[in-house]
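Structure, as C-alpha cells:
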Amino acid sequence: MTYKQAQKHYGIQGRSTVLVWLRKHGTLDWSKPNLFMKSKETPAQKIKRLERELDDEKLKNKILNTMIDISDSQYGTSIRKKFSSQQSNASGKNKK
C-alpha cells in the first residue's frame, strides 16, 4: 500500500503523518511498483505502446528545439551547446 492509498483508506489529512508512522513502525520501500509487470502485454501491444511513446518523445524533442530556435532568434540567446571536434585537456590527464 502506498502512502497515498493509506491516506485515502484511513482518512488521513497530511502526508507527513503517514511518513512519520512508516519511519517509526514500518519498513520504508521507496521503489515504485512496476505497473507493467501487473498487466501482461502481448508483444504486439508492447510494440504499439513503445511506438506511441517514441512518437511522443519525437514531438517533445521537436517542440523543445523550436522553442530554442525562437529564443535564439528573438532574444539573441545561444542556448545550444557548441560541440568541438577537439577533445579538451581539462579531463585531468597529463601529457608526457
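The values are calculated or read from the model by the stated rules, or taken from the named source; none is laboratory data. The structure presented is a predicted model; accordingly, all values stated were derived computationally and were not measured. Note that each Cβ is placed from the backbone with ideal geometry, even for glycine, and that neighbours are counted across all protein chains shown.
Things worth noting here:
- Candidates Lys58, Lys38, Lys96, Lys24, filtered to the one that is of a type outside the set (A, V, I, L, M), more than 30 Å from Tyr10 (Cα to Cα) and modelled with pLDDT under 95: Lys96
- Meets criteria (out of contact with any Asp or Glu (no Cβ under 9 Å at 6 or more places or on another chain), over 30 Å from Gln5 (Cα atoms), modelled with pLDDT under 95 and assigned to a helix (DSSP H, G or I)) for Ser71: yes
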